[in-house]
Amino acid sequence: MKIKIDIDCTPQEARAFLGLPDVAPLQEALLADMQSRMQEAVAGADLESLLKTWMPAGVQDGLQGWESAQKAFRARAAGAAGQGTSED
């Protein structure tokens with residue numbers, strides 16, 4: 001035996017019938033808050049602050065920092081190349 005019941009109602013009506021809370025106002029408030037926070041973050045983002053966040057402290061000092069980073073990289077590369085060959 002099969003019993004089939006079709007109920008024609010909206011989701012809001014089904015929630016009210018089952019006694020579930022209406023979370024639409026809460027969801028709208030949270031979405032509006034998230035949207036405003038994202039807009040503030042995008043508006044306040046600039047390249048300088050991103051570089052300060054992502055780069056080490058020594059590199060943040062401008063051109064001298066970049067030059068010292070390049071020198072350190074070249075020294076390590078030269079040291080690695082020199083370690084691979086041995087002259088007898």
If packing is taken as the average count of other Cβ atoms within 10 Å, what order do 4-15, 20-31 fall into, highest mean first? 20-31, 4-15
Can you compute the modelled spin-label distance between GLN27 and ALA45, with each label point 7 Å from Cα toward Cβ, in nm? 2.7 nm
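Read-outs: derived from the displayed coordinates by stated rules, not from any lab. As the structure is a prediction and not an experimental result, all values here were calculated from the model. When we count neighbours, we look across all protein chains shown, and the Cβ atoms used for this are built from the backbone with ideal geometry, even at glycine.
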